[in-house]
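One structure is given here, and the rest of the page talks about it.
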Amino acid sequence: MLYILEGIDAPNAGARRAQARPEHLKRIQTLVDQGRVVVGGPVLGLDSDDPAAGGVEGSLIIAEFEDLASARAWWEQDPYVLTQVFTKTTVRPFRQVVP
């Protein structure tokens, strides 16, 4: 089943985000290599392709996991979560209807 993994950035989390980003991306690459990621990326502060323009406000991943517990356990070990880039995280089931 698919799950939405979302994190909302803490105020002034930019330095922590930048430091944790390589490990965050490396970890996600494992899911990508397994064909489990539908979409993922930063949630931007402005309607711009340049994250620097309005800053990053969070992250969103839609990926396949065995169950809700597995999705939560995976997200809880993400470098952005472990380094407190996020003030809030959520994991919710998602059913894709449109490709």
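Residue by residue, here is whether (1) among the acidic types (Asp, Glu); (2) loosely packed, with under 13 Cβ neighbours inside 10 Å; (3) more than 11 Å from the chain's Cα centre (by Cα) holds:
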residue	(1), (2), (3)
LEU2	no, no, yes
ALA10	no, no, yes
ALA13	no, no, yes
GLU23	yes, no, yes
LYS26	no, yes, yes
THR30	no, yes, yes
LEU44	no, no, yes
ASP49	yes, yes, yes
- Within the range 15-55, how many residues turn out to be polar (S, T, N, Q) and either farther than 20 Å from VAL81 by Cα or assigned to a loop (DSSP other than H, G, I, E, B) (or both)? 2
- Message: Criterion first (among the basic types (Lys, Arg), more than 20 Å from PHE65 (Cα to Cα) and without any contact (Cβ under 8 Å) to a residue 60 or more places away in the chain) does ARG21 satisfy it?
- Response: yes
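Every number here is computed from the coordinates shown, using simple stated rules; none is lab data. The structure presented is a predicted model; accordingly, all values stated were derived computationally and were not measured. Glycine also receives a Cβ, built like all others from the backbone with ideal geometry; neighbour counts cover every protein chain displayed.
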